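Bear in mind these aren't lab numbers, they're just calculated from the coordinates by the rules spelled out. Note that the coordinates shown come from a computational prediction; the quantities given were computed from them, not determined experimentally. Glycine also receives a Cβ, built like all others from the backbone with ideal geometry; neighbour counts cover every protein chain displayed.
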Amino acid sequence: MFFNRAYHQSIAVLRQFASPYPRISAFPRPLTSVLGSSFRRTMASAMAKRLEGKTIVITGASSGIGRSTAREFARTAPKDLKLIVTARRIDALEELAKEIKEEVGEGVKTLPVKLDVSNPEEVKNFVPSLPAEFQDIDILVNNAGLVKGVAQAPNIDPEDINIMFATNVTGLINLTQAVLPIFKKRSDGGRGDIINIGSIAGREPYPGGSIYCSTKAAVKSFTEALRKELISTRIRVIEIDPGQVETEFSIVRFYGDKSKANAVYANCEPLTPDDIAEVIVFAAGRRENVVIADTLIFPSHQASPGHLYKKPQ
Ligand SMILES: NC(=O)c1ccc[n+]([C@@H]2O[C@H](COP(=O)([O-])OP(=O)(O)OC[C@H]3O[C@@H](n4cnc5c(N)ncnc54)[C@H](OP(=O)(O)O)[C@@H]3O)[C@@H](O)[C@H]2O)c1
């Protein structure tokens, strides 16, 4: 877990200041016994407490990062949480709800909801059609998104252009607009978290990805403007930008061609969806006055969309 790593890093930093000689040590007792398991428990329980009782919507939860995020929230605050998991594939969402229940028990209530974010009517009906006990949403994770093809202008399929914009941009904006009024009704001008999944592609456009990169740049602009618009509230607007993550993303990009998708990840070690889920949950689990406004997460072999080290075979 992310906070475990943070704990080990804290120990490593503090160790530099601890003398090896017990008599003159700044720490009269061994450091780990001073800061050990109780420190770790405190960090874990502080995060669980901040998340407990929350209602969380995750879009694109049927696979990849969204699916991992639902499971990570459930593991982090297993005593009392409501998860609304959404996507077009309802079977996969029902399977996820079952797995979460098996793993953490009855404390987490998971509601699978079929929702195509690219359909404005479905998004409009989403909140009103939720059962009353799930309507008081605290956290929205705008994760649903996709890339189609590697075509370059002027040969990009107009259908692909429309799907990418309708899902990654209009869908994300429409859902944000559907949920924001719930946040704004709360005290101090409003409270709640909007967590948008952007991409390195939104920061550094690359050939063959002009439309996908444009959609993620739009997500970045919308996110930054929204944070400014909500400055007088307690609503946190957070962007998480992954680099290369192995999910169904490349299978979708290559229209179901698994061998082309596998080639993307050959001879290197991409991030896992759990790596990104940990960062998302960490951001949501900060103290209310802390906003992890922006993050960029690479695997160690990546430095940009085009800087990818592949091991020689
Ligand atoms: N993988 C990467 O390398 C990477 C890098 C940077 C950013 N990202 C971003 O991370 C997010 C998640 O992607 P992923 O890597 O986890 O890919 P994934 O495994 O393909 O998951 C994408 C999810 O989005 C959902 N989705 C697609 N179109 C939808 C629609 N119209 N309405 C509702 N849900 C829809 C899919 O569910 P259904 O098909 O069931 O609807 C699926 O659950 C995306 O926004 C992506 O752009 C990924």
Qualifying lysines (Cα of each under 25 Å from Cα of Lys148; at least 8 residues distant if same chain): Lys114, Lys216, Lys220, Lys258, Lys260, Lys310
Distance from segment 169-213 to segment 250-305 (C-alpha centre basis), Å: 17
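Using Cβ contacts closer than 10 Å as the measure, can you line up Phe73, Phe183, Phe134, Phe126 from fewest to most?
Working: Phe73 27, Phe183 23, Phe134 17, Phe126 20.
With the fewest neighbours first, Phe73, Phe183, Phe134, Phe126 line up as Phe134, Phe126, Phe183, Phe73.
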Pair Glu102, Glu133: separation of 7 Å Cα→Cβ label points (nm): 2.3
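Among the DSSP beta bridges whose two residues both lie in the chain, what percent are antiparallel, rounded to the nearest 5?
5
Relative to the compact-globule scaling 2.2 N^0.38 Å, provide the ratio for the alpha-carbon radius of gyration of segment 158-313.
Details: Rg = 17.1 Å, N = 156, 2.2 N^0.38 = 15.0 Å.
Taking N as the residue count of segment 158-313, the ratio is 1.14.
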Spin-label pair Glu224/Val150, simplified geometry with 7 Å Cα→Cβ offset, distance in nm: 3.0
Extended-chain gain in nm, criterion 0.36 nm per residue less alpha-carbon gap, Asn125 and Asp188: 19.9 nm
Fully extended contour minus Cα-Cα distance, from Lys311 to Leu296, at 0.36 nm per residue: 3.1 nm
Per-residue HN-Hα couplings for segment 44-55 [Karplus 6.51, -1.76, 1.60; θ = phi - 60°; Hz; x = Gly/Pro]: 5, 6, 4, 5, 4, 4, 5, 8, 4, x, 7, 10
Under the Karplus curve 6.51 cos²θ - 1.76 cosθ + 1.60, θ = phi - 60°, whole-Hz ³J(HN,Hα) for segment 206-215, x wherever Gly or Pro sits: 10, x, x, x, 4, 6, 4, 4, 4, 5
Helix 172-184 axis, angle to the chain major axis (alpha carbon atoms, nearest 10°): 50
Size-normalised alpha-carbon gyration radius of segment 136-181, reference 2.2 N^0.38 Å: 1.46
Other-chain or far-sequence residues with amide H under 5 Å of Ile84's (modelled H): Ile56, Val57, Ile58, Leu111
Mean shadow area of the chain over all directions, Cα convex hull, nm²: 19.5
Computed log₁₀ I(q)/I(0) - Debye formula, equal Cα scatterers, no solvent, segment 189-276, q 0.12, 0.18, 0.22 Å⁻¹: -0.47, -0.87, -1.10
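Give me the number: length gained by fully extending Glu52 to Arg287, i.e. 0.36 nm times residue separation minus the C-alpha to C-alpha distance, one decimal in nm. Please report the intermediate quantities before stating the final value.
Values: separation 235, 0.36 × 235 = 84.60 nm, distance 1.29 nm.
Length gained between Glu52 and Arg287: 83.3 nm.
Once the other residues with Cβ under 12 Å from the Cβ of Arg287 are scored (Lys, Arg +1; Asp, Glu -1), what is the net sum?
Details: positive: Lys49, Arg50, Arg234, Arg236, Arg286; negative: Glu288.
Value of the local net charge: +4.
Rounded to a whole number of µm²/s, how large is the Stokes-Einstein D of segment 53-202 at 37 °C and 0.692 mPa s, given Rh as the Kirkwood radius over C-alpha pairs?
Value of D from the Cα-based Kirkwood radius: 205 µm²/s.
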Per-residue HN-Hα couplings for segment 195-204 [Karplus 6.51, -1.76, 1.60; θ = phi - 60°; Hz; x = Gly/Pro]: 10, 9, 8, x, 5, 4, 4, x, 9, 10
